[in-house]
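A.B. asks: After the C-alpha cells below, expect a handful of questions from me.
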Amino acid sequence: MIHAVYPGSFDPLHNGHVDIIHRTASIFGHLTVAVLNNPLKDTRCFSTEERLEMIRETVISMPNVSAEMFEGLLAEYMRQIEAKVIVKGLRTVADFENESQMAHLNRQLNPEVETLFIMTDTRWSYVSSTRIKELASYDADIGELVPKASLEALKRKFSRT
Ligand code: PNS
C-alpha cells in the first residue's frame, strides 16, 4: 500500500485542496493531509486545531484519508511516518517556481521521497487561501469556493456581529 502525504498550511482549506484530496485518495492506499504547525512563526488566521478540524470534517466520508499536524522539516516528517510520496497541487507556472525548489530540496534532505504534482482543476485554478480570507473579511459570498466546514469557520472568524 502506498502512503502519500499532502502537506500544506490549509489556512483555510478550500475547494482546490478538496479536489486534490479526492483525486489523490483514489490513486493511493492512504493519504495523510499534513497541516504545518509552526508555533514560533505563526501568522496564520486559523489555529492548527481549527485547520485540522476543517479538514477532518470535510474528509469524514473518505476512509483512506486522515489529517495530522506536523512540525519542522517535511522531509523528516516523511521519514518518521515512513511515507515516500509527497503530493502537491499546481495551479499556474507561478506555483511551479516555488514548488520545484521545494521538491528538489526535499529530495536532497530525504532521497527516498518523491514529489508528485497534480494540476488543480481549472474550476479552482484562481482560488487561494489568501484570497478566500480577503473575500471573507468583506463578507463576500464564498459558498461556492470552500467546503461547508471552512465556510462555517470563516463566518465565525470574520463575523461582524
Ligand atoms: O500551503 P503551503 O503554505 O504552500 O505549504 C507549504 C508547506 C507547508 C508544504 C512547506 O512550507 C513545508 O513543507 N514546510 C515545512 C518546513 C520544510 O520542510 N521546509 C523546507 C521545504 S524545502
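A.B. asks: Counting other Cβ atoms within 10 Å, which chymotrypsin sites (Phe, Trp or Tyr not before Pro) in segment 119-161 have at most 10 and lie in a DSSP loop?
C.D. replies: TYR138
A.B. asks: Using only the Cα atoms of segment 20-115, what semi-axes does the equivalent ellipsoid have when each is the square root of 5 times a gyration tensor eigenvalue? Give whole Å, largest first.
C.D. replies: Computed over segment 20-115, the values are 21, 18, 15 Å.
A.B. asks: Let me ask something else. Just want the ordering: PHE117, PHE70, from fewest to most Cβ atoms lying within 10 Å of their own Cβ.
C.D. replies: Numbers: PHE117 15, PHE70 20.
Ascending Cβ contact count within 10 Å gives the list PHE117, PHE70.
A.B. asks: Can you bin segment 16-55 into rounded, prolate or oblate? Criterion: square roots of the alpha carbon gyration tensor eigenvalues sorted a ≥ b ≥ c, rounded for a/c under 1.5, prolate for a/b above b/c, oblate for the rest.
C.D. replies: Working: a/c = 2.95, a/b = 2.34, b/c = 1.26.
It is prolate, given that a/c is not under 1.5 and a/b is the larger ratio.
A.B. asks: Additional query: For segment 33-83, what is the largest minus smallest coordinate of the Cα atoms on each principal axis, given in angstrom and ordered from greatest to least?
C.D. replies: Largest to smallest, the principal-axis extents are 33, 30, 9 Å.
A.B. asks: Considering the options LEU135, THR32, PHE10, tell which one lies farthest towards the positive end of the dipole of the chain, charges being +1 on Lys and Arg and -1 on Asp and Glu at the Cβ, about the Cα centre.
C.D. replies: Going by the Cα projections, it comes out as LEU135.
A.B. asks: Starting from the Cα-Cα distance between THR122 and ARG23, subtract it from 0.36 nm times their residue separation and give me the gain in nm to one decimal.
C.D. replies: Length difference between fully extended and current span is 34.3 nm.
A.B. asks: Next up: Which value at 222 nm does the chain reach when only helices count, each DSSP H run of 4 or more adding -39,500 (n - 2.57), with the total divided by all residues and rounded to the nearest 500 deg cm²/dmol?
C.D. replies: Numbers: 6 runs with 66 residues, N = 161.
Computed ellipticity for the chain at 222 nm equals -12500 deg cm²/dmol.
A.B. asks: Related question: Using the number of other C-beta atoms within 10 angstrom as an exposure proxy, rank ASP139, ASP19 with the fewest first.
C.D. replies: ASP139, ASP19
A.B. asks: Given the chain, what count of lysine pairs have C-alpha atoms under 30 Å apart, with each pair 8 or more places apart or on different chains?
C.D. replies: 14
A.B. asks: Who wins for biggest fluctuation among GLU144, GLU114, GLU49 in a Gaussian network model of the chain, springs between alpha carbons below 10 Å?
C.D. replies: Highest fluctuation among the options: GLU144.
A.B. asks: Mind pulling the per residue volume of the convex hull built on the Cα atoms of segment 74-119? Å³ is fine.
C.D. replies: Numbers: hull volume 2.5 nm³, N = 46.
Considering the Cα atoms of segment 74-119, their hull volume per residue is 55 Å³.
A.B. asks: Where does each of MET1, MET62 land when they are ranked from fewest to most other beta-carbon atoms within 10 angstrom?
C.D. replies: Details: MET1 6, MET62 13.
Neighbour counts put them in this order, fewest first: MET1, MET62.
A.B. asks: Cut-off 10 angstrom, C-alpha nodes, Gaussian network model of the chain. Which of GLU134, GLU99, GLU57 fluctuates the most?
C.D. replies: Among GLU134, GLU99, GLU57, the largest GNM mean-square fluctuation belongs to GLU134.
A.B. asks: Further, regarding this structure: Convex hull over the alpha-carbon atoms of the chain: what's its volume per residue in Å³?
C.D. replies: Convex hull of Cα atoms, per residue: 114 Å³.
A.B. asks: Would you mind classifying segment 66-161 by shape? Square roots of the alpha carbon gyration tensor eigenvalues, ordered a ≥ b ≥ c; an a/c under 1.5 is rounded, otherwise it is prolate if a/b is larger than b/c and oblate if not.
C.D. replies: Note, shape of segment 66-161 comes out prolate.
A.B. asks: Treating the beta-carbon of each Lys and Arg as +1 and of each Asp and Glu as -1, no other charges, what is the dipole magnitude of the chain about its Cα centre, to the nearest 20 debye?
C.D. replies: 180
Readers should treat all values here as calculations from the given coordinates under stated rules, not as data from a laboratory. Treat the numbers as computed from the prediction; the structure is a model and nothing was measured. When we count neighbours, we look across all protein chains shown, and the Cβ atoms used for this are built from the backbone with ideal geometry, even at glycine.
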